[in-house]
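S.K.: Here's a structure for you.
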Amino acid sequence: MVFFVLKRLAQSVLVMLVVALIAFALFRYVGDPVNNMVGQDTTLEQREQLRDELGLNDAVFVQFGRFIGNAVQGNFGQSYRLREPVTDLLAQRFPATFELSVVSAILALAIGIPMGVYTALNRRSILSRSFMTLSLVGISLPTFLIGILLILIFGVILRWLPTFGRGDVVSIGGWTTGFLTKSGLESLIMPAITLAIFQMTLVVRLIRAEMLEVLRADYVKFARARGLTSRTINFSIALKNTLVPVMTIIGLQIGSIIAFAIITESVFQWPGMGLLFIQAIQNVDIPVMAAYLLLIAFIFVVINLVVDVLYFVVDPRLRVQGR
Amino acid sequence: MSEVEGATEGSMIGWRARLAESDLLYSFLHSPTAIISAVVTLVALSAAVFAPLIAPHNPFDLASIDLMDSLLPPAWLEGGSDAFLLGTDDQGRDVLSTILYGARISLLVGFLSVIFATVIGVVIGLIAGYAGGVTDAILMRIADVQLSFPAILIALLVDGVLRGLLSRDNYDQIAVYVLVLAIGLSFWVQYARTVRSLVMIERTKEYVQAGQVIGLSTGTILFRHIMPNVLGPVLVIATIQLALAIITEATLSFLGVGVPPTSPSLGTLIRVGNDYLFSGEWWITIFPGAALVILVLAINLLGDWLRDALNPKLR
């Protein structure tokens, strides 16, 4: 167990180093950092001096080491576009993305899992067929189109909900939350649904496939042969075994929610990290891109690590193999 | 059932593949969903390919655009003109025509990036599966790491990097190829993993051993003998990924990091029209959006059917 965790940890560190190398390469070689920092009227000597101060004349691996040292301390330099420390920018916008992601993850799982289980158990019923058709439509609807449709219906035609921004937010010790005001909650509804729908369709399909797989397993056939009630078979045996892979799904979900938050935030002008990232790409604002990349990679690595360890804890078969 | 070619080596496989084909035809003719989605896909494809011939207007011919025609609603609404069936956009371009031309770009990017991803993925999968050992470990580790990040994130990143590396003056002209590169690089992993696992099975079969014994080069064994036997599942993945690639392209273009408005794809059209949503000119956004959804849905349904038909266990 300890060996397994250590091995995974070593892999995670390796992944982070590779991502850091990419981020460093971005920072160092895409465009000239000095050019991006100074104005038109800076003399060549001043440029050379700045270059020296920034350590851009040192050996590449020394620079990479310094980059990692800075990154670990949360120092990513200044945004080229906004002239503010990148870390501050990300910190300001993190709460918005976090609240949006958590609400949609809960929505997607709370609706998606029961729907998936139902469609697997009642494969031929009309309701589950329509669920599956709907989920196919959901997969074919790009996230941004769902957002646009919601805006058109509830924002423009019915005028029920606000169409952009976060509404009024309350600041609690540096954390801004939209949960405590009416306009904050109203603003959250459409972005959260937009982000949740695609994830939900994925959850439904994955749970259904997983459950069908388990229902075909020998131990389920054996349970049926023993004459257990279908209730016991379905929920105590099948669903329990389905939930192991579901953990992986949830882990992946959180990851893809962060990725798709970029799109949702862009549609609703939601002031989160994703919007910041898109603006950074459009303006080739490398420090922001590099920092966002590292942050996202870090979140992903941590989630994967947690899921792997949980897998190990939950599934006894893996524990035996691991020895 | 004729068995002319490949009669000796892997005749079993050739025979089975042919049987699967006839099964496929049977299943196709007995699935209304498959037929309808195939017809829709074909119609969309030909509409896109022949856009210059069938589009009522040329939306990019500046001489034929009249600003006086701008923001006209669809023909059946009050104030609409019969000349513009689905209305016009802010520059007086016919929405129907821009959709036809836009679908061309969307499909072009979709097909090119899927082909690109397939080639990379199949080659890497063949090498990893056949070589095994360290090569396999390294290649699959890379694949695992990439797979743990969503494709759209990888595509955004590649797009961002290329944007920084290339000069901005001629970026618009090569935007399509940048997108193909970005989407292709974010989609290869699935092919590689599937092909690898299939190759690991094929590798132990007699026809491969026979090839090795008579001294065929590794390249010949891999590409002439193993590859044809692993392409079935690749086709299924490619169909499903085509839909995904079109969505990804539309998303990137919608986010403003894809195809420029000078030669818009469906995603760019939706982005441009989005600004007019609040002033009530919904048709500029909604029609390209609907076109995108119909196209993607048809391809998805086709892919779904193909997967089920090739994999009877799941039925």
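The values are calculated or read from the model by the stated rules, or taken from the named source; none is laboratory data. Treat the numbers as computed from the prediction; the structure is a model and nothing was measured. Every residue, glycine as well, gets a Cβ built from its backbone with ideal geometry; the counts of neighbours run over all protein chains shown. Heads up: the accessible areas ignore ligands, DNA and RNA and are worked out on the full protein's heavy atoms, side chains in. Shrake-Rupley method; radii C 1.70, N 1.55, O 1.52, S 1.80 Å.
S.K.: Among the candidates B:R196, B:R271, which residue alone is modelled with pLDDT of 85 or more and either in contact with a strand residue (DSSP E or B) (Cβ under 6 Å, 6 or more places away or on another chain) or more than 11 Å from chain A (Cβ to nearest Cβ) (or both)? Reasoning before the result, please.
M.R.: Numbers: B:R271 fails: either in contact with a strand residue (DSSP E or B) (Cβ under 6 Å, 6 or more places away or on another chain) or more than 11 Å from chain A (Cβ to nearest Cβ) (or both).
Just a single option satisfies the conditions, and that option is B:R196.
S.K.: Quickly run through the range A:286-304 and pick out the residues that are of a type in the set (A, V, I, L, M) and either open to solvent by less than 10 Å² (accessible area, probe 1.4 Å) or more than 10 Å from chain B (Cβ to nearest Cβ) (or both). Please lay out each step first, then the result.
M.R.: Initially, the range A:286-304 is screened for residues of a type in the set (A, V, I, L, M), giving A:286, A:288-291, A:293-297, A:299, A:301-303.
Residues satisfying the conditions are A:I286, A:V288, A:M289, A:A290, A:A291, A:L294, A:L295, A:I296, A:A297, A:I299, A:V302.
S.K.: Any idea how many residues of the range A:147-163 are more than 10 Å from chain B (Cβ to nearest Cβ) and either assigned to a loop (DSSP other than H, G, I, E, B) or crowded, with 19+ Cβ neighbours inside 10 Å (or both)?
M.R.: Counting residues in the range A:147-163 that are more than 10 Å from chain B (Cβ to nearest Cβ) and either assigned to a loop (DSSP other than H, G, I, E, B) or crowded, with 19+ Cβ neighbours inside 10 Å (or both) gives 6.
S.K.: Say whether the condition of being more than 14 Å from chain B (Cβ to nearest Cβ) and outside any helix (DSSP H, G or I) is met by at least one residue in the range A:92-107.
M.R.: no
S.K.: Could you pull out the residue among B:G164, B:G219 that is over 21 Å from the mean Cα position of the chain (by Cα), within 21 Å of B:S113 (Cβ to Cβ) and either surrounded by 13 or more Cβ atoms within 10 Å (Cβ to Cβ) or of a type outside the set (K, R) (or both)? Step through it out loud before you land on a result.
M.R.: Details: B:G219 fails: within 21 Å of B:S113 (Cβ to Cβ).
It is B:G164.
S.K.: Something else: Would you point out which residue out of A:I262, A:I250 is open to solvent by 40 Å² or more (accessible area, probe 1.4 Å) and in contact with a helix residue (DSSP H, G or I) (Cβ under 9 Å, 6 or more places away or on another chain)? Steps first, please.
M.R.: Numbers: A:I262 fails: open to solvent by 40 Å² or more (accessible area, probe 1.4 Å).
A:I250 is the lone residue from the list that is open to solvent by 40 Å² or more (accessible area, probe 1.4 Å) and in contact with a helix residue (DSSP H, G or I) (Cβ under 9 Å, 6 or more places away or on another chain).
S.K.: Test each condition in (1) within 27 Å of B:L126 (Cα to Cα); (2) in contact (Cβ under 8 Å) with a residue 24 or more places away in the chain; (3) open to solvent by 10 Å² or more (accessible area, probe 1.4 Å) for B:S263 and report the one that comes out false.
M.R.: (1)
S.K.: Which is under 21 Å from A:F277 (Cβ atoms), at pLDDT below 80, open to solvent by less than 30 Å² (accessible area, probe 1.4 Å) and away from chain B (no Cβ under 14 Å), of A:G74, A:G55? If you could, list the steps in order and put the result at the bottom.
M.R.: Working: A:G55 fails: under 21 Å from A:F277 (Cβ atoms).
Going through A:G74, A:G55 in turn, the sole match is A:G74.
S.K.: Quick one: is B:I105 out of contact with any Asp or Glu (no Cβ under 6 Å at 6 or more places or on another chain), modelled with pLDDT under 70 and not acidic (D, E)? Before the answer, list the steps.
M.R.: Working: out of contact with any Asp or Glu (no Cβ under 6 Å at 6 or more places or on another chain): yes; modelled with pLDDT under 70: no; not acidic (D, E): yes.
Criteria not met by B:I105.
S.K.: OK, next. Go over the candidates B:V230, B:V296, B:V208, B:V189 one by one and state the one that is farther than 30 Å from B:D94 by Cβ, within 14 Å of another protein chain (Cβ to nearest Cβ) and open to solvent by less than 10 Å² (accessible area, probe 1.4 Å).
M.R.: Values: B:V230 fails: within 14 Å of another protein chain (Cβ to nearest Cβ); B:V296 fails: farther than 30 Å from B:D94 by Cβ; B:V208 fails: within 14 Å of another protein chain (Cβ to nearest Cβ).
None of the others qualify; the one that does is B:V189.
S.K.: Now a separate question. Would you be able to tell me the number of residues in the range A:119-145 that are more than 10 Å from every other protein chain (Cβ to nearest Cβ) and in a helix (DSSP H, G or I)?
M.R.: If we filter the range A:119-145 for residues that are more than 10 Å from every other protein chain (Cβ to nearest Cβ), which is where we start, we get A:119-131, A:134-135, A:138.
Still in the list and also in a helix (DSSP H, G or I): A:119-121, A:126-131, A:134-135, A:138.
So the count comes out to 12.
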